[in-house]
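First comes the structure, then the notes that go with it.
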Amino acid sequence: MATMAGNKSYTIVEYFGGDCGYRCGYCKNDEGNFSHGMWSHTMTVQDYQDLIDRGWRRSGKYVYKPKLDKTCCPQYTIRCHALKFQPSKSHKKVLKKISKFISKGELPKGQDDGESVFISVQFACVLSDTFLCIGFQNMHEKDSSQQPTLLDCMCLRVQCSAKTPNSFGMGADPGRPQCRKAKDLRKERRLQKEQIRQHADGDSSIVSPMPPTAAQTKQPKPLEDFINESLPDNSSHCLEVRLVPVNFEDPQFTASYQRSVALYARYQMAIHGDDPSECSESEFRRFLCDSPLEAEHSPDGPEVGYGSFHQQYWLDGRIVAVGVIDILPTCVSSVYFYYHPDFASLSLGSYSALREIAFTRQLQKQSPKLSYYYLGFYIHSCPKMRYKGQYRPSDLLCPETYAWVQIEQCLLQLENSRYARFNQDPDAGDPRVLKDVGRALVLYRRAVMPYAAYSRKRKGSSDETEVQQYADLVGQDSAERILLYRA
């Protein structure tokens with residue numbers, strides 16, 4: 001259901017509130033998870049960009065916003081600065097693992113050291129413009145290689161240091177100097193000889209500066225170089241990544257659709273233990289193909305345009321993994337990732353995130369505003385979800401002012417409290433705070449009108465509290481663009 005007025009596209013939503021608690025997929029609390037929800041019949045990419053920048057996120061066509069001050073496991077929107085990203089040691093290990101597999105055909109032994117993370121997502125059933133029910137089902141958020149987080153490593157070191165010396169040995173002699181590279185020692189000796197020679201010549205005013213260390217002069221290798229190393233020409237396997245729009249009129253999408261469905265079902269049953277009925281074609285289509293986003297192209301946007309896409313990983317002519325993403329005006333937003341269980345040991349979750357960061361950087365060359373990679377939600381109270389904080393530099397969204405704050409500044413607050421206001425400016429507020437609910441747009445009997453006019457038509461409508469809550473959650477600007485459906 002889309003409407004056009006003067007060739008202008010509108011977003012159309014139905015708001016469902018969020019007063020009832022339901023089961024949390026993280027801590028398993030039966031009624032501890034709370035969120036607001038909307039069913040989106042159609043949505044522009046700019047409206048969705050503005051909504052995720054206020055803490056919303058989509059599952060299929062259902063768009064939801066966790067109530068962070070009430071829910072048991074607060075979910076904070078996280079974004080990575082793709083242009084400044086440098087792969088960590090664990091990321092480089094993943095890339096080398098993929099490279100070894102492609103070049104030599106050797107799969108690592110054992111299962112993926114990653115996790116399968118469950119997230120409770122609300123979804124709605126809408127029939128004849130009447131809201132019948134909101135169901136709750138455990139969905140599975142994007143998998144990762146579950147490398148130990150920085151906090152995990154710090155805890156491990158603390159535990160080790162608390163052991164008695166007899167448990168681990170006495171360790172290095174604290175009286176001995178630290179080991180240094182022979183190359184650095186040679187440079188230092190050459191410098192000392194040069195200084196001695198200058199003093200012997202009577203020129204004490206010349207002091208040679210310390211030469212920069214190798215670490216100072218060596219530029220870090222960009223992410224793209226590591227990825228390209230993962231794809232050697234002369235190799236045992238051939239890996240190709242294809243970007244396909246989620247569109248049943250697109251020949252590439254339709255040609256690979258049934259294989260994608262089969263791969264999804266196999267992944268859900270093997271990795272998450274789903275019953276076959278839970279990963280049917282209809283569920284796959286609802287969850288990963290039905291998107292409210294309208295495909296758009298802009299002169300200053302990326303060549304592929306904006307909207308929802310499947311990034312398919314083809315190994316030797318067959319699909320082995322799929323990353324579902326949304327391309328928006330300022331970011332690539334990760335939606336979901338699934339893969340063939342036979343390749344679980346390759347840490348494909350982490351690999352796909354690295355590929356998506358590199359893809360964001362590629363799009364930024366065509367569209368300068370598009371420079372962020374959104375990883376969904378960061379959940380500090382769930383240790384398995386902290387891996388998202390390893391893609392740095394990254395920011396978390398302040399739930400009260402909607403300002404982005406560096407994750408390093410947020411972690412200490414989250415250690416002390418599950419819910420936190422990250423913005424430290426006590427005077428800061430929501431820049432898009434609701435000022436006049438009467439200006440919020442509604443769709444009533446196929447006509448677009450401000451809520452104030454609708455209230456007059458309905459002779460003092462009784463839904464003002466609900467509309468006020470909705471408009472406050474989406475913000476004044478979005479409320480004046482998005483059409484709120486009124487029966």
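Here, each number is a calculation from the coordinates, and none is a lab measurement. What you see is a predicted model, and the numbers here were worked out from it, not measured in a lab. Ideal geometry is used to build each Cβ from the backbone, glycine not excepted, and the neighbour counts take in all protein chains shown.
Going through the cross-link list 93/365; 28/89; 96/388; 67/459, which pairs have a Cα-Cα distance over 25 Å in this structure?
Where the Cα-Cα span goes over 25 Å, the pairs concerned are 93/365; 28/89; 67/459.
Can you put 404, 314, 56 in order of Cβ neighbours within 10 angstrom, beginning with the fewest?
Lowest to highest Cβ neighbour count: 314, 404, 56.
Please get the size of the charge dipole for the range 220-343, origin at its Cα centre, with Cβ charges of +1 on Lys and Arg and -1 on Asp and Glu, quoted in debye to the nearest 20.
280
Could you derive backbone 3J(HN,Hα) for the range 276-283 from the dihedral phi with the Karplus parameters 6.51, -1.76 and 1.60 (θ = phi - 60°), listing whole Hz in sequence and x where the residue is Gly or Pro?
x, 5, 7, 10, 6, 4, 5, 5
What is the spin-label model distance, in nm, from residue 84 to residue 424 if the labels are put 7 Å beyond Cα along the C-beta direction?
For the pair residue 84/residue 424, the computed spacing is 1.6 nm.
Please find the FRET efficiency linking residue 188 to residue 464, where r is the Cβ-Cβ separation and R0 is fixed at 56 Å, and quote it to the nearest 0.05.
It comes to 0.15.
Applying 1/(1 + (r/R0)^6) with R0 = 22 Å to the Cβ-Cβ distance of residue 100 and residue 262, what FRET efficiency is obtained, to the nearest 0.05?
Between residue 100 and residue 262 the formula returns 0.20.
Can you bin the range 278-361 into rounded, prolate or oblate? Criterion: square roots of the alpha carbon gyration tensor eigenvalues sorted a ≥ b ≥ c, rounded for a/c under 1.5, prolate for a/b above b/c, oblate for the rest.
Since a/c reaches 1.5 but b/c is at least a/b, the shape of the range 278-361 is classed as oblate.
Full extension from residue 236 to residue 72: what is 0.36 nm times the residue separation minus their Cα-Cα distance, to one decimal in nm?
54.3 nm
Based only on other Cβ atoms within 10 Å, what is the fewest-to-most ordering of 88, 35?
Least crowded to most crowded, the residues run 88, 35.
Which Cα, out of 381, 419, 393, lies furthest along the positive dipole direction of the range 375-421 (beta carbon charges, K/R +1, D/E -1)?
In the range 375-421, that residue is 381.
Run through the DSSP bridge list for the range 366-487 and note the antiparallel percent, rounded to the nearest 5.
70
Within the range 358-394, list the residues whose amide N lies under 14 Å from a label point set 7 Å along Cα→Cβ of residue 416.
none
Determine, for 278, 303, 106, the number of other Cβ atoms within 10 Å of each Cβ, and report the residues in order from fewest to most.
Lowest count first: 303, 106, 278.
Based on the Cβ-Cβ distance of residue 248 and residue 303, what FRET efficiency does E = 1/(1 + (r/R0)^6) give at R0 = 22 Å, to the nearest 0.05?
The pair residue 248/residue 303 has a calculated efficiency of 0.50.
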